[in-house]
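Beneath this line is the structure, given in structure tokens, with notes to follow.
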2 protein chains.
Amino acid sequence: MADLDAFDRKLLALVQENARLTAEQLGERVGLSASACHRRLRRLREAGVIEAEIAVVAPETVGRSLTMIVEVSLEREHPHIIDAFKRSMRATPEVMQCYYVTGDADFIIILTARDMKSYERFTQRFFFDNPQVRKFRTFVVMDRTKVGLGVPMDDRDD
Amino acid sequence: MADLDAFDRKLLALVQENARLTAEQLGERVGLSASACHRRLRRLREAGVIEAEIAVVAPETVGRSLTMIVEVSLEREHPHIIDAFKRSMRATPEVMQCYYVTGDADFIIILTARDMKSYERFTQRFFFDNPQVRKFRTFVVMDRTKVGLGVPMDDRDD
DNA sequence: GTTGAAAGGTTATTACG
DNA sequence: CGTAATAACCTTTCAAC
């Protein structure tokens, strides 16, 4: 874990919101020269603090107006079975996020679908046709109240 | 919903993975000139297909090694109460994502925390101290198998 | 309407103090 | 770290399709 100073944290907070800000604009906001900002960002990328810089596409504008969250429980928690399930989730484009969790379920998955019919096909393929899936529970998203990957950058202990 | 051709979809698929690709690099990959790619990206931004371009920060590198997923059920589903809860989630930095859902819960929340103690404080503040929260269920994330906001860009009917 | 090429302005990147 | 030089890139214009 890299040790970041207040400048780094400010820069991260800014680029997490908008990665298109120029080094000069960042410099104005954090009180540093453009080249200093640029150097810091390069280091943060190399250190793996900045994992990626990505464009966020609005799903509904590309015909994917449904978002689902699914809790999946497997038959038995064997490493081999867990790994196979992880791999299939990673390889499936409509799965946006997949988490392996403790608690009353084994996996929580967030995915997009064009419509209910295509989601039904998904459940058939990945859940009903998979004997390792003991049960699953679907939540249909009515409102994406907050969607992001942003991590808080204040140094508070929260 | 904008109608996108195969070039647009290819461009979106690429910039969803890496928003730092130059117009020239994009041009090579999709078979268009750099200026054509640039024009298309500008339109996709203006049309709202590209909502944002953001840096993804690895939570564990900034001291947030815990990710939690929480199902929250409210006492009663009154619009006023729902809205108040949404606002508080949007205003809280440690909440990365919040979805209002149908099914056995009202909200599903994804958040990061420094440690269990700080998560306990979070639950106290937002769940126990909130009389509108009837119950909540926490899943501790053991593995972030797949994390992203990427939307599939193939034109298949899935 | 679209494209590609060439112009100029801006920004990223490196070298140096 | 900042300043300054260079290189790369973005952005617009324009002719042609």
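If you go through the stretch A:12-29 one residue at a time, how many are part of a loop (DSSP other than H, G, I, E, B) and away from DNA strand C (no atom under 11 Å from the Cβ)? Before you say what the answer is, go through the steps one by one.
Of the stretch A:12-29, the ones part of a loop (DSSP other than H, G, I, E, B) are A:18-22.
Then drop every residue that is not away from DNA strand C (no atom under 11 Å from the Cβ), which leaves A:18.
The total comes to 1.
Out of A:Glu120, A:Glu77, A:Glu53, which single residue is out of contact with any Leu (no Cβ under 8 Å at 6 or more places or on another chain), at pLDDT 95 or above and more than 8 Å from every other protein chain (Cβ to nearest Cβ)?
Numbers: A:Glu77 fails: at pLDDT 95 or above; A:Glu53 fails: more than 8 Å from every other protein chain (Cβ to nearest Cβ).
Exactly one of A:Glu120, A:Glu77, A:Glu53 is out of contact with any Leu (no Cβ under 8 Å at 6 or more places or on another chain), at pLDDT 95 or above and more than 8 Å from every other protein chain (Cβ to nearest Cβ), namely A:Glu120.
Find the residue count for the stretch A:2-21, including only residues that are hydrophobic (A, V, I, L, M, F, W, C), at the interface with chain B (Cβ under 7 Å from one of its Cβ atoms) and within 20 Å of the chain's Cα centre (by Cα).
The total comes to 3.
With respect to the numbered conditions (1) basic (Lys, Arg); (2) assigned to a helix (DSSP H, G or I); (3) more than 9 Å from every other protein chain (Cβ to nearest Cβ), which one is the sole condition not fulfilled by A:Lys86?
Only one criterion in (1) basic (Lys, Arg); (2) assigned to a helix (DSSP H, G or I); (3) more than 9 Å from every other protein chain (Cβ to nearest Cβ) is unmet by A:Lys86, namely (3).
Test A:Met96 against the stated conditions and say whether it is touching a Cys at 6+ places or on another chain (Cβ under 6 Å) and within 7 Å of another protein chain (Cβ to nearest Cβ).
Details: touching a Cys at 6+ places or on another chain (Cβ under 6 Å): no; within 7 Å of another protein chain (Cβ to nearest Cβ): yes.
When the stated conditions are applied, A:Met96 does not pass them.
How many residues does the stretch B:17-47 contain that are touching a residue at least 40 places away in the same chain (Cβ under 8 Å) and more than 22 Å from A:Thr22 (Cβ to Cβ)?
Narrowing the stretch B:17-47 to residues touching a residue at least 40 places away in the same chain (Cβ under 8 Å): B:17, B:44, B:47.
This time we only want the ones that are more than 22 Å from A:Thr22 (Cβ to Cβ), so: B:17, B:47.
Going through the stretch B:17-47 one residue at a time, the tally reaches 2.
Residues checked against (1) outside the structural domain of A:Phe136 (by TED's automatic domain parsing); (2) within 16 Å of DNA strand D (Cβ to nearest atom):
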{"residue": "A:Glu17", "(1), (2)": "yes, no"}
{"residue": "A:Ile54", "(1), (2)": "yes, yes"}
{"residue": "A:Thr67", "(1), (2)": "no, no"}
{"residue": "A:Val70", "(1), (2)": "no, no"}
{"residue": "A:Ile81", "(1), (2)": "no, no"}
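Scanning for something buried (at least 19 other Cβ atoms within 10 Å of the Cβ), within 16 Å of DNA strand C (Cβ to nearest atom) and assigned to a helix (DSSP H, G or I), does the stretch A:89-101 turn up at least one residue?
Within the stretch A:89-101, not a single residue is buried (at least 19 other Cβ atoms within 10 Å of the Cβ), within 16 Å of DNA strand C (Cβ to nearest atom) and assigned to a helix (DSSP H, G or I).
Would you call B:Leu32 within 29 Å of A:Asp143 (Cβ to Cβ) and within 16 Å of DNA strand C (Cβ to nearest atom)? Don't jump to the end; show me each part of the working.
Numbers: within 29 Å of A:Asp143 (Cβ to Cβ): no; within 16 Å of DNA strand C (Cβ to nearest atom): yes.
Considered against the rule, which asks whether it is within 29 Å of A:Asp143 (Cβ to Cβ) and within 16 Å of DNA strand C (Cβ to nearest atom), B:Leu32 comes out as no.
Kindly indicate whether B:Thr61 is among the polar types (S, T, N, Q), away from DNA strand D (no atom under 16 Å from the Cβ) and over 30 Å from B:Arg134 (Cβ atoms). If you could, list the steps in order and put the result at the bottom.
Working: among the polar types (S, T, N, Q): yes; away from DNA strand D (no atom under 16 Å from the Cβ): yes; over 30 Å from B:Arg134 (Cβ atoms): yes.
Judged against the criteria, B:Thr61 is a match.
The values are calculated or read from the model by the stated rules, or taken from the named source; none is laboratory data. Predicted, not measured: the structure shown is a model, and the values here were computed from it. Glycine also receives a Cβ, built like all others from the backbone with ideal geometry; neighbour counts cover every protein chain displayed.
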